[in-house]
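Note sheet for the following structure.
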Amino acid sequence: MKNKQFTFDDQQLLEDIMTHRRDIRGNNFLPDPLSDDSLHKIITSASRAPSVGFSQPWEFVIIRDQQVKKHIAKSFSIENKIAQRKFTDEKLSRYSELKLEGILEAPVNIAVFYKPSKMPVLGQNSMPEMGEYSVVCAIQNMWLMSRAMNIGMGWVSILNPLRVKEILNAPAENKLVAYLCFGYVKAFFSTPELERLHWEKRKDLQATTYNERF
Ligand SMILES: Cc1cc2nc3c(=O)[nH]c(=O)nc-3n(C[C@H](O)[C@H](O)[C@H](O)COP(=O)(O)O)c2cc1C
């Protein structure tokens, strides 16, 4: 439809979806399977994302096999042990109590890759990272669409990207951007888990917004 206009209720709905989107981890996923139609809808939402020069530089690997997930989960445990060494004292003991992934609990995992173009891409010359940023736009679409379908998504970044590539037999030029876990959930909380656990607070808009210059 040409020049489609949205209503105030539509705006409110989008705001609600954004406000109630949550990162979901293994303590909150249900084992109920996701239908192929649901997955198709989520991947389609990714493909609607903006991308530099309309390059659409994304590739998705859908993982349901528990054996493959176990290999990925092993990479998480190794990386998580390394990551927790960054914290000391009280933060260290609290870090070790956090559940930071849902690889095995989520019925479906999706690895999202950036596939660089072999040809020059319009708009990607001065800031080559725009290709990867385009993939992140696709991931945010997946997060919001999943939430609109009452499906949870969790982003796992505590992984060795080269090991994930090896497990998934990824082409050499592909770069892992995200490893995502999808499934129905026990509950969508109204605040981020890390806020509820007093790990971080939401920043005030004033603290992050400037007028005209810094
Ligand atoms: C790029 C990125 C990487 C993330 N990696 C992880 C992760 O490895 N483990 C985890 O538990 N959460 C991860 N998260 C989720 C954040 O912790 C979460 O978005 C944040 O705490 C705010 O909570 P909310 O998404 O529920 O609003 C990641 C989020 C983003 C955007």
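Determine by what factor the alpha-carbon radius of gyration of segment 4-55 differs from 2.2 N^0.38 Å, reporting the quotient.
With N residues counted in segment 4-55, Rg over 2.2 N^0.38 Å equals 1.54.
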Scoring the chain by relative contact order with C-alpha pairs under 8 Å, at least six apart, yields a percentage of 34 percent
quick shape note, the chain: Cα extents on principal axes in Å, largest first -> 53, 43, 42
Note: segment 115-214, point scatterers on Cα, Debye, no solvent; log10 I/I(0) at q = 0.11, 0.13, 0.21, 0.23 Å⁻¹ equals -0.55, -0.76, -1.21, -1.24
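Indicate the gyration tensor shape class of segment 46-101 (rounded, prolate or oblate), computed on the Cα atoms with a ≥ b ≥ c the square roots of the eigenvalues: a/c under 1.5 is rounded; otherwise a/b larger than b/c is prolate and the rest oblate. Intermediate values should be presented prior to the final figure.
Numbers: a/c = 3.48, a/b = 1.78, b/c = 1.96.
Judged from the Cα gyration tensor, segment 46-101 comes out oblate (a/c at least 1.5, b/c at or above a/b).
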Segment 54-93 and segment 108-174 have their Cα centres apart by a whole-number Å value of 14 Å
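Could you tell me the relative contact order of segment 120-214? Use alpha-carbon pairs under 8 Å, at least six residues apart, and round to a whole percent. Please report the intermediate quantities before stating the final value.
Working: 48 pairs, mean separation 22.6, N = 95.
It comes to 24 percent, rounded to a whole number.
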With the charge dipole of segment 64-165 built from beta-carbon charges (+1 for Lys and Arg, -1 for Asp and Glu) about the Cα centre, the Cα from Asn150, His71, Ser96 projecting farthest to the positive end belongs to His71
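Would you mind ranking Phe188, Phe76, Phe8, Phe214 so that the residue whose beta carbon has the fewest other beta carbons within 10 Å leads the list?
On the way: Phe188 13, Phe76 22, Phe8 7, Phe214 4.
Listing Phe188, Phe76, Phe8, Phe214 from fewest to most nearby Cβ atoms yields Phe214, Phe8, Phe188, Phe76.
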Residues meeting the amide H criterion for Ala178 (H placed from the backbone, H to H distance under 5 Å, 5 or more places apart or on another chain) are Val112
From fewest to most C-beta neighbours within 10 Å, the residues Phe189, Phe60, Phe29 line up as Phe189, Phe60, Phe29
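So which helices of the chain fit the span-like rule, where a helix is a whole DSSP H run, its Cα atoms reach 20 Å or more along the axis, and its mean Kyte-Doolittle is at least -1.0? Walk me through the numbers on the way to the answer.
On the way: long enough: 66-84 (26 Å, -0.73); 130-148 (27 Å, 0.49).
Span-like helices here: 66-84, 130-148.
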Per its Cα gyration tensor (rounded if a/c is under 1.5, else prolate when a/b beats b/c, else oblate), segment 103-168 is best filed as oblate
Per the C-alpha gyration tensor (a ≥ b ≥ c, the square roots of its eigenvalues), segment 29-123 is rounded if a/c is under 1.5, else prolate if a/b beats b/c, else oblate; here it's oblate
Under the 7 Å Cα-to-Cβ spin-label approximation, Met149 and Lys2 lie apart by a distance in nanometres of 3.3 nm
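Given the pairs Lys41/Lys165; Lys70/Lys118; Lys2/Lys115; Lys81/Lys115; Lys86/Lys201; Lys81/Lys186, which span a C-alpha to C-alpha distance of over 23 angstrom in this model? The partial results should precede the final answer.
Details: Lys41/Lys165 25 Å; Lys70/Lys118 33 Å; Lys2/Lys115 32 Å; Lys81/Lys115 30 Å; Lys86/Lys201 20 Å; Lys81/Lys186 28 Å.
Check vs 23 Å cut-off fails for Lys41/Lys165; Lys70/Lys118; Lys2/Lys115; Lys81/Lys115; Lys81/Lys186.
Grab the DSSP H runs of the chain that are 4 residues or longer, score each as -39,500 (n - 2.57), total them, divide by all residues and round the 222 nm result to the nearest 500 deg cm²/dmol. Don't jump to the answer; show the numbers that get you there.
Values: 8 runs with 86 residues, N = 214.
That calculation yields -12000 deg cm²/dmol at 222 nm.
Throughout, read-outs are computed from the coordinates displayed, never taken from laboratory work. The structure presented is a predicted model; accordingly, all values stated were derived computationally and were not measured. All Cβ positions, glycine included, derive from the backbone under ideal geometry; neighbour counts span all protein chains shown.
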